[in-house]
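Beneath this line is the structure, given in structure tokens, with notes to follow.
FYI, it's all coordinate maths here, none of it is from the lab. Source: prediction; values computed, not measured. Please note: Cβ atoms are built from the backbone with ideal geometry, for glycine as well, and neighbour counts cover all protein chains shown.
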Amino acid sequence: MVRRDTCITVGRYGRSDHMSTPCTVCAAPAALLSDLDARIAAGDAGRYVVHRELAANGITVSMEAARKHIAHIRAGEQGIPSHAPGQLRLTTLDQAVALPPVPTVTAPQPAAPRGYEPGVRFERGAKAAVVTLPPAPTAPGEGDCAAYLRGLGIDPDLYILEPIEVRTNSHGWTRDDPEGAAVTQQTFFARFRVTRREAAADGFDVDELLATVPALAAAAVDRPATGAGESLLVGLADWQTGKRDQGGTAKLVERLAALGPAIVARVGELQLLGRNVETIYLVGLGDLVEGCKGFYPMQTFSVELDRRQQIRVARRMLTEIVKTVATLGIPVVVSGVAGNHGEQRDGSGKAFTTPGDNDDLLVLEQCAEVFSLAEGYGHVSFVIPDQELAHTMDLSGQHTVFTHGHVARGGWAGLWTWFKNQRAHGKTSATIAVVGHYHHLHVENDGLLTLFQCPALEGGSDYFSTAMGSTTVPGTACALVSSAFGVRDLAVL
């Protein structure tokens, strides 16, 4: 009975239960191999004998191949020739000489240095393309560039061709020699900027256009207040009531007393310009009071009012401003946000209560209670956030977000980052952000977005001026805001 798990092979010297073995020596001529295998089976030939006998017959094999051949012969295994029988032969010298010559292969030389490959490159967002011409034996000109473009199917007459770079290699080489030899030849590489020509005005009459200017100017005079309604935004920023520096509280009260009449006058100016002011927004942008401790060195000894006095003065001045503006009969919305100087801070300078526990919001709430008890102010309303440090309102269809500015980090760039992050994460739908905190006017537009930083009304800081060299120019910014016109008619009162 034959076991089915063993491959039975019959070799030259009998039966074996082993698999056939690939063998290099088994490809030797049969006559030589028969005599050699008999000597191996008889134990008269080792690997050195096998290697020597094969070499004497012009066959070279490794010692390892000889060892493997001996092993499978003595084990009774059948060898499988790794070459066709009789083909394991050395090539004679005569045969080697008769072989066809190896062809000479020359590595292709680049037609141009790296970065100067011929072609046309268009940069994303650019109004022009860069054309790199093929290498030439003479310096290329505008005509060469035009010919190259024409060869690419591009009409050069539609473009302005400007040379921007010409490079030469005095040791360049070419095989243009009639005998095919490499010869040295100066080579030029050139780049051109290609800009599409603007279409010329066809039949445009400049004289006719300029003749309409007097009529256009006359139509703008005494224009009535018509058109889309707009909101007048007034940014009440950084009063810092109670501060001693730069004239202190007395000078601040003078500026605040003049602010109400200045707002009324500004509304009149806008109406003369034909603006339809439908609502006035008085928005406190934080730091209406100075605070007494924890905001800068030596603050406790540099303020001239305690906390209760600061709140009292700020409340009274805000009340006077609202009363004056309300005389216009236009709806007035009073709102605001919490600033850092209104926080309740401990000895370490850190706020220890809630974000809404802020003196800026306290002033607004007290003022709101005053007008809720007074008659004749039904057109005055208050919008006061609870714990939010930023809130959004609709100003004549234009969503606008307000915050003091201390929640952002990194100055002006940090404010932009904060604004865009608020929009990206769905915190606000506003396209205008209004802030204070940095005490100077800065307005910037970025596409559909506008960042509006209002100046401070306080007189400046001796400490800051000594440290930084600059100071504040007191003022209150106002501007018209609407979905129809965005932000316009900016003024500092």
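What does the charge add up to near residue 396, with Lys and Arg as +1, Asp and Glu as -1, over the other residues with Cβ less than 10 Å from its Cβ?
The answer is -3.
For region 406-493, what proportion of DSSP beta bridges, expressed in % and rounded to the nearest 5, is antiparallel?
Taking every DSSP beta bridge with both residues in region 406-493, the antiparallel ones total about 70 percent.
How many angstrom lie between the C-alpha centres of region 405-463 and region 227-282?
19
I need the calculated FRET efficiency for the pair residue 320 and residue 394, taking r as the beta carbon distance and R₀ as 22 Å, to the nearest 0.05. Numbers along the way, then the final one.
On the way: r = 27 Å, r/R0 = 1.24.
The calculated FRET efficiency here is 0.20.
How about residue 251: which lysines have a C-alpha closer than 20 Å to its C-alpha, ignoring those fewer than 8 places off in the same chain?
List returned: 243.
Using Cα-Cα distances under 8 Å and only pairs 6 or more residues apart, what relative contact order does region 225-492 have, in percent?
On the way: 575 pairs, mean separation 60.4, N = 268.
Relative contact order comes out at 23 percent.
Averaged over all directions, how much area does the convex hull of the C-alpha atoms of region 343-493 cover when projected, in nm²?
Averaged projected area of region 343-493's Cα convex hull equals 11.5 nm².
Which order do 116, 281, 377 fall in if you start with the one that has the fewest other Cβ atoms within 10 Å? Walk me through the numbers before you get to the answer.
Values: 116 19, 281 23, 377 15.
The most exposed by this proxy come first: 377, 116, 281.
Can you check how the C-alpha radius of gyration of region 234-295 compares to 2.2 N^0.38 Å, as a plain ratio?
That ratio works out to 1.42.
Over the alpha-carbon set of region 24-68, divide Rg by the Kirkwood Rh and report the Rg/Rh ratio to two decimals.
Rg/Rh: 0.90.
Cα to Cα, under 29 Å, and not fewer than 8 places away if on the same chain: which lysines meet these conditions relative to residue 420?
Those lysines meeting the cut-off are 127, 350.
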